[in-house]
Amino acid sequence: MKSYTKKLIMNTENEKEIINITSDVEKAIKESNIKEGIVLVNSMHITSSVFINDEEEGLKEDFLDWLENLAPYKPYQFPKGYRHHRTGEDNGDAHLKRTIMGREVICAITEGKLDFGPWEQIFYGEFDGKRPKRIMIKIIGE
Amino acid sequence: MKSYTKKLIMNTENEKEIINITSDVEKAIKESNIKEGIVLVNSMHITSSVFINDEEEGLKEDFLDWLENLAPYKPYQFPKGYRHHRTGEDNGDAHLKRTIMGREVICAITEGKLDFGPWEQIFYGEFDGKRPKRIMIKIIGE
Amino acid sequence: MKSYTKKLIMNTENEKEIINITSDVEKAIKESNIKEGIVLVNSMHITSSVFINDEEEGLKEDFLDWLENLAPYKPYQFPKGYRHHRTGEDNGDAHLKRTIMGREVICAITEGKLDFGPWEQIFYGEFDGKRPKRIMIKIIGE
């Protein structure tokens, strides 16, 4: 079994942002020279996500609005606000948003390539950005 | 390390449907002849899911109702509707529903079998169906 | 390729509880003697979760409140209650809560250790507890 580890550094302009990282993952697979196996891609932080969906601008905006509704910055359902903010943080919503979107994806590698459906693209979802964060890419196989 | 790749084709009768695919995954594990390792099962489409829960008819209906509430076809919270629909699509809700249910599962294989708890079953969750879609099964191990 | 399988038994005092299991996973990695690879950690039950987030007491309470809001024990949006309860069960909400939090995590192992970001910790989320349940740890690599 061979393995290959690579870390990407993300530093978003906006606090909340969705960024397509498919080509970065494809590049790592090429570098690994692994032809059959799997690739794990995960956010190394707890207020951001890695997920798979569609490269469509409107949908990305829909995701951010929808998440704000399910896990609001100001939680109207908790009149005292998030307990997490007692620590001095104000990013409680980012922990929850990332939970809905997921921490990681695992993708099949076949004949040296991402074995994907027609519309699958890998995204980094940042919910507490404007500072450097890391993404793990771990590839195992032959 | 050995690997085995198989794709299932799903073509649901209904637009939204939950289908038990555990026996298909078990069959692929047998075909692979892999005794120790893991199996990745993922939807290759961005409006359907693979997830693990209970084989119970009422619960499946609960899931569909609950998802309609969290990610409605007509999003009452967004008066103008999903931005994704500007492209001519009308399946914005399916992208969100699949996000909650998840794209993929990874399961342990021990002694040639799914190493599962007593109630774990693998399901395909379709949220924009009535047309052929594919599921990836990728097995790696020895 | 080497593999290592270990099961943890959890028996929570409370019906709903979030427990840090990072050191259990680290111990299993040591026992496996695997230096490069991945570890799969999943709940073997369908009303509990394994997920990664922050070790912070207020945030854990926020998670439980937030989940009660998204997947309530008494679903105000379904006047007749969960259909799953026709079977005699009363844990419909636990199946939904676990779905939001996720069944499993996959983590990279590099140089014999969890290759984690600064705040990543692994948790078991129990939503229907007070009885013995199992967690699967499956490690593959070299």
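General remarks:
- Shielding of peptide B:129-140 by partners, expressed as the average count of other chain Cβ atoms within 10 Å per residue Cβ, is 3.
- B:Lys27 versus B:Phe78: modelled label distance in nm, points set 7 Å from Cα along the beta carbon direction: 3.8 nm
- Shielding of A:59-68 by partner chains, average beta-carbon count, 10 Å: 5
- Shielding by other protein chains, C:82-95, mean Cβ within 10 Å: 4
- Average accessible surface area per residue within chain B, 1.4 Å rolling probe, Å²: 40 Å²
- Kirkwood hydrodynamic radius (C-alpha pairs) into Stokes-Einstein, the stretch B:41-142, 4 °C and 1.567 mPa s, D in µm²/s: 85 µm²/s
- B:Lys2 sits among other residues whose Cβ lies under 11 Å from its own Cβ, and their net charge, with Lys and Arg +1 and Asp and Glu -1, is -3.
- Nearest 10 degrees, 0 to 90: helix C:92-101 Cα axis against chain C principal axis: 40 degrees
- Heavy-atom accessible surface of the protein assembly as shown: percent carbon and sulfur, 1.4 Å: 47 percent
- The C-alpha atoms of chain B define a longest principal axis, and helix B:22-32 lies at about 40 degrees to it.
- Note on B:Arg86 and A:Arg134: with the Förster distance fixed at 30 Å, the Cβ-Cβ geometry gives a FRET efficiency of about 0.30.
- The protein assembly as shown: calculated mean residue ellipticity at 222 nm from DSSP helix runs of at least 4, using -39500 (n - 2.57): -7500 deg cm²/dmol
- Distances from A:Tyr73 to itself in the other copies, using label points 7 Å out along the Cα-Cβ axis, amount to 3.4, 3.4 nm in increasing order.
- Qualifying trypsin sites (Lys or Arg not before Pro) for the stretch B:94-142 [loop in DSSP, other Cβ within 10 Å: at most 16]: B:Lys130
- Relative to the longest principal axis of the Cα atoms of chain B, the long axis of helix B:57-70 lies at roughly 50 degrees.
- Among the listed pairs A:Lys7/A:Lys130; B:Lys74/C:Lys133; B:Lys2/C:Lys133, a Cα-Cα separation exceeding 30 Å is found for B:Lys74/C:Lys133; B:Lys2/C:Lys133.
- Only Cα pairs under 8 Å and 6+ residues apart enter the sum, and on that basis the relative contact order of chain B stands at 55 percent.
- Among the chymotrypsin sites (Phe, Trp or Tyr not before Pro) in the stretch B:51-92, those placed in a DSSP loop whose Cβ has at most 14 other Cβ atoms within 10 Å are B:Tyr76.
- Cα gyration tensor category, rounded, prolate or oblate, for the protein assembly as shown with a/c compared to 1.5: rounded
The values are calculated or read from the model by the stated rules, or taken from the named source; none is laboratory data. Everything numeric here is computed off the predicted structure, so don't read it as measured data. For neighbour counting, all protein chains shown are included, and Cβ atoms are generated from backbone atoms with ideal geometry for every residue, glycine included. In case anyone asks, the SASA skips ligands and DNA or RNA and just uses the protein heavy atoms, side chains included. Shrake-Rupley method; radii C 1.70, N 1.55, O 1.52, S 1.80 Å.
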